[in-house]
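One structure is given below, encoded as structure tokens.
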Amino acid sequence: MTDQFRRPASTASAEAPAGTDATVLGEPIATAGTAVTRAPGAAGSAGVSRALVLERPGTIRLQDMPIPVPGHGEVLVQVAAAGVCGSDRELYEGARPDGFASYPVVPGHEWSGTVAAVGDGVDAALVGASVVGEGYRGCGTCAACRDGMPNLCASGYDETGFTRPGAFAEHLVVPARLLHVLAPDADLRAAALLEPAAVVAAAVRRAAPRPGESAAVVGAGTLGVLALQLLAAASPGRLAAIDARPERAGAAFAAGAGAFHPPGEAPEASFDVVVETAGAPGTARGAVALARRGGRVVLTGIPGDPADAVPTGLLVTRALTLATVFGAGPADWAYAVRAFTAGLLRPGDLVTHELPLTASAFETAVGLGASPGAGKVLLRPSTTGPTAGPTTTGPTAAGPILTGPTTTDPTTSDPSTDERRSR
């Protein structure tokens, strides 16, 4: 399996070719071999950027390094916020499948920020823009990439935050072609969740809900709540959430659900559309059982037990359409960004903790992922402490934690499995 995945020789971003220029806030800056002029207001000392480097599983440290220089076709982003999810926990614990991680690496695949500099061949008008970005580095030439699915690139798995330097840093270099530009007044705190929102958008697009249809979402963690928001925008006749934890009901109802059921208590064979988001043992089987004859089921989660199988008998006898999601492609990202801009997608509702960019804060965030009282956790590189949320819960090794709404992040079975999806 390893041979079919390409692993970058280094986590360092490519340097600009000799003789090319980069631009910071409209002004040319020096490139390879010289110091980089820091954009006004950028975090860190001039020419220095901080990043969390995961040297090997279980060992992470905050490191000072030169601000990376964007090469040809690349941009330098000053990171505003970066989300911590179950995939980051797997990376930290060394639990990623073979070929889906490369150490040492700067984690962080859910992010938002501002373009601080552009390399040669990139429109300088992008400087200062609020952006988010896709993570998959498709080859651009295989059949899947040409079909608009770089997440299924035939050249193998290559993604920001896992095999390339990610956003648990003050600065990030990415190809300009991966950017999605946001409205000038976009909430970058909320926009950091547009990566999981794009995965949910992929699932909803595959489900193709029609107005008046009944829909159910299995799992009411981050992905589940975002799925409820997008499905609610499709004017369903009935929308239900299924989760084992009653404390999830408030977030589900706020996202548009009209009913909340513990597993096993929702009416089976009664939904036109079912989206599974938990990735916990039994949730795929439960999702199939909920679908009516001729219904559509979309699976996004990866169960921890490889023997956890869907009931093929129900698939056939009910003539169900079963689809799965592996990350998100450009069209899914565009869908999510449009929904976010229109106010139909409200990812900021899920954020409960915001922590500074430190090794101890990252470890705290990983621990919070398994806590029933925590929702989405963000790292904020430009701050030295919490930045939002109405209530302080008390100091920790990472400093005080600020909590926001009561939205939490557990899934139907195990909160640590939420957002554990193939990537």
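All of (1) closer than 23 Å to Ser87 by Cβ; (2) part of a strand (DSSP E or B); (3) not aromatic (Phe, Trp, Tyr) hold for Arg296 with one exception: (1). Taking the stretch 98-112 as the search range and keeping residues that are in contact with a helix residue (DSSP H, G or I) (Cβ under 7 Å, 6 or more places away or on another chain) and under 20 Å from Gly348 (Cα atoms), which one is surrounded by the most Cβ atoms within 10 Å (Cβ to Cβ)? Restricting to residues being in contact with a helix residue (DSSP H, G or I) (Cβ under 7 Å, 6 or more places away or on another chain) and under 20 Å from Gly348 (Cα atoms), the top hit is Glu110.
Out of Ala201, Ala220, Ala244, Ala183, report the one residue that is in a helix (DSSP H, G or I), not acidic (Asp, Glu) and not assigned by TED's automatic domain parsing to the domain that holds Ala370. Only one candidate passes the filter, namely Ala201. Restricting attention to the stretch 23-67, the residues that are in a loop (DSSP other than H, G, I, E, B) and either surrounded by fewer than 15 Cβ atoms within 10 Å (Cβ to Cβ) or modelled with pLDDT under 95 (or both) total 21. Could you please let me know if Ala95 is assigned to a loop (DSSP other than H, G, I, E, B), modelled with pLDDT under 95 and in contact with a helix residue (DSSP H, G or I) (Cβ under 9 Å, 6 or more places away or on another chain)? Yes, satisfied. Of the listed requirements (1) closer than 12 Å to His109 by Cα; (2) under 15 Å from the mean Cα position of the chain (by Cα), Val200 misses just one: (1). Would you check if there is a residue in the stretch 118-131 being more than 20 Å from the chain's Cα centre (by Cα), in a strand (DSSP E or B) and buried (at least 20 other Cβ atoms within 10 Å of the Cβ)? The answer is yes, given that some residue of the stretch 118-131 is more than 20 Å from the chain's Cα centre (by Cα), in a strand (DSSP E or B) and buried (at least 20 other Cβ atoms within 10 Å of the Cβ). For the residues Pro246, Pro263, the requirement of being in contact with a Ser or Thr (Cβ under 8 Å, 6 or more places away or on another chain), surrounded by fewer than 24 Cβ atoms within 10 Å (Cβ to Cβ) and not aromatic (Phe, Trp, Tyr) singles out Pro263.
Taken as a whole, the stretch 156-174 holds no residue that is surrounded by 21 or more Cβ atoms within 10 Å (Cβ to Cβ), within 20 Å of Phe340 (Cα to Cα) and not aliphatic (A, V, I, L, M).
The values are calculated or read from the model by the stated rules, or taken from the named source; none is laboratory data. What you see is a predicted model; the values in this text were computed from it and never measured. A quick note on method: Cβ atoms are made from the backbone with ideal geometry, for glycine too, and the neighbour counts reach across all protein chains shown.
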